[in-house]
Every structure is written in structure tokens, then in C-alpha cells.
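Quick note: the coordinates plus some simple rules give every number you see, no bench work behind them. These numbers come from a predicted model, not from an experiment. Every residue, glycine as well, gets a Cβ built from its backbone with ideal geometry; the counts of neighbours run over all protein chains shown.
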Amino acid sequence: MAQKKPKRNLSALKRHRQSLKRRLRNKAKKSAIKTLSKKAVLLAQEGKAEEALKLMRKAESLIDKAAKGSTLHKNAAARKKSRLMRKVQGFLQASRAAAESGVGA
């Protein structure tokens with residue numbers, strides 16, 4: 001006797017569609033976080049403190065929102081924020097020190 005062709009599991013197909021949508025949404029959020037973080041670091045390197053801090057705060061907000069929505073794990077979010085702040089503050093302090101030594105000379 002011939003075997004019947006198995007039917008597709010509709011709930012599995014729906015779950016797959018949902019996972020693809022979520023993947024795109026999560027990817028967009030992570031990409032936005034990376035872009036803002038990089039821009040903040042670049043501005044800090046150039047010594048543009050006000051703009052760098054503004055972007056850093058925006059990136060921090062996006063990271064918190066991503067962690068709230070389970071796009072990022074809360075510990076990963078905390079780590080990203082910490083590293084970003086350390087980088088930006090380090091560059092800003094270095095540019096301030098360079099400016100002060102240049103003025104004092």
C-alpha cells in the first residue's frame with residue numbers, strides 16, 4: 001500500500017515566518033546600536049565632546065531598549081554600554097589633555 005504524503009505542520013510554518021520577522025527586527029536594532037557606537041567613538045577621537053556624548057547617550061538608550069525586548073541579554077547590554085563609555089571617555093580625556101598641554105606650552 002502506498003504511503004500518504006505527510007501534511008505540512010501549519011503551526012511550524014507560522015513559527016518559522018515569525019522567527020524570520022524577529023530575526024530581521026533584531027538585526028536592525030543591533031546594527032543601529034553598532035552604527036551609533038562607532039560614530040560616538042569617532043567623534044570622541046576627533047575631540048568633539050558634546051556631539052560624542054549626545055550619540056553615546058542615544059546608543060545607551062538603544063542598548064537598554066534592546067535588552068528590555070530580549071534582543072540583547074541584559075549582561076551583554078551592560079558590557080556594551082560599559083565598553084562604549086570607557087572608550088568615549090578615554091578619547092575625550094586624551095583630547096582634553098592634548099589641548100591643555102598645547103595651550104600651556
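Against the definition (part of a helix (DSSP H, G or I) and not basic (Lys, Arg)), how does residue 71 come out, yes or no? Reasoning before the result, please.
On the way: part of a helix (DSSP H, G or I): no; not basic (Lys, Arg): yes.
Criteria not met by residue 71.
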- Query: Taking the condition assigned to a helix (DSSP H, G or I) and either surrounded by 15 or more Cβ atoms within 10 Å (Cβ to Cβ) or within 10 Å of the chain's Cα centre (by Cα) (or both), does residue 37 pass?
  - Reply: yes
- Residues located in the stretch 1-16, provided they are surrounded by 10 or more Cβ atoms within 10 Å (Cβ to Cβ) and of a type in the set (Lys, Arg): 14, 15
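Considering 59, 52, 78, which residue is within 27 Å of residue 19 (Cβ to Cβ), assigned to a helix (DSSP H, G or I) and more than 10 Å from the chain's Cα centre (by Cα)? Spell out how you get there, then give the answer.
Details: 59 fails: more than 10 Å from the chain's Cα centre (by Cα); 52 fails: within 27 Å of residue 19 (Cβ to Cβ).
Matching residue, one of 59, 52, 78: 78.
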- Note on the structure: Taking first residues from the stretch 6-31 that are of a type in the set (Lys, Arg) and second residues anywhere that are in a helix (DSSP H, G or I), the pairs with Cβ under 8 Å that are 6 or more apart or on different chains are 29/62; 29/65; 29/66; 30/66
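Could you check the stretch 33-55 and list, in sequence order, the residues that are in contact with a Leu (Cβ under 6 Å, 6 or more places away or on another chain) and touching a residue at least 12 places away in the same chain (Cβ under 8 Å)?
Here is the first cut: in the stretch 33-55, the residues in contact with a Leu (Cβ under 6 Å, 6 or more places away or on another chain) are 33, 36-37, 39-40, 44, 49, 51-52, 55.
If the condition is that a residue be in contact with a Leu (Cβ under 6 Å, 6 or more places away or on another chain) and touching a residue at least 12 places away in the same chain (Cβ under 8 Å), then 33, 36, 37, 39, 40, 44, 49, 52, 55 are the ones that fit.
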